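First the structure, in the form of structure tokens, and then the observations on it.
The values are calculated or read from the model by the stated rules, or taken from the named source; none is laboratory data. Quick caveat, the model's predicted, so the values are computed rather than measured. Positions of Cβ are generated from backbone atoms using ideal geometry, with glycine treated the same way; all protein chains shown enter the neighbour counts.
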Amino acid sequence: MSINAIEKALWQIGTNPADAEKFRQTPGNYLAQFRLEPDEEAAVSSLAVGELARRDANTLLLMMAFLAVRGPGSMGDYMQSMHSADRA
């Protein structure tokens, strides 16, 4: 699958509160519409932003979706996840 499907999912999660809520409730069901590979779906489902960045996902989209799902107070978690991915 292409990075475009991952980024489309991230965009919809980050820009549409209803989609963010659907994703929060049942990530697998929500992501089925994007036809992601199993490893891609696992990375998006868990919001593994470092892994997704290594796959060349746009980091602004990653941050936008992460904050839409986890809330604005989760910026530290986002940064920690990105930083820990650098060490992997």
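So here's what we get for this one:
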read-out	value
Among (1) surrounded by fewer than 15 Cβ atoms within 10 Å (Cβ to Cβ); (2) under 15 Å from Ala5 (Cα atoms) - the single one Met79 does not satisfy	(2)
Pair list, Cβ < 7 Å and 6+ apart or interchain, from region 37-61 residues that are within 13 Å of Trp11 (Cα to Cα) and among the β-branched types (Val, Ile, Thr) to residues that are in a loop (DSSP other than H, G, I, E, B) and modelled with pLDDT of 95 or more	Val44/Leu36
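For (1) farther than 19 Å from Tyr78 by Cα; (2) crowded, with 20+ Cβ neighbours inside 10 Å; (3) in contact with a strand residue (DSSP E or B) (Cβ under 9 Å, 6 or more places away or on another chain), each residue gets a yes or a no:
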| position | (1), (2), (3) |
| --- | --- |
| Ser2 | yes, no, no |
| Ala5 | yes, no, no |
| Trp11 | no, no, no |
| Thr15 | no, no, no |
| Ala18 | yes, no, no |
| Phe23 | no, yes, no |
| Phe34 | yes, no, no |
| Glu40 | no, yes, no |
| Ala48 | no, no, no |
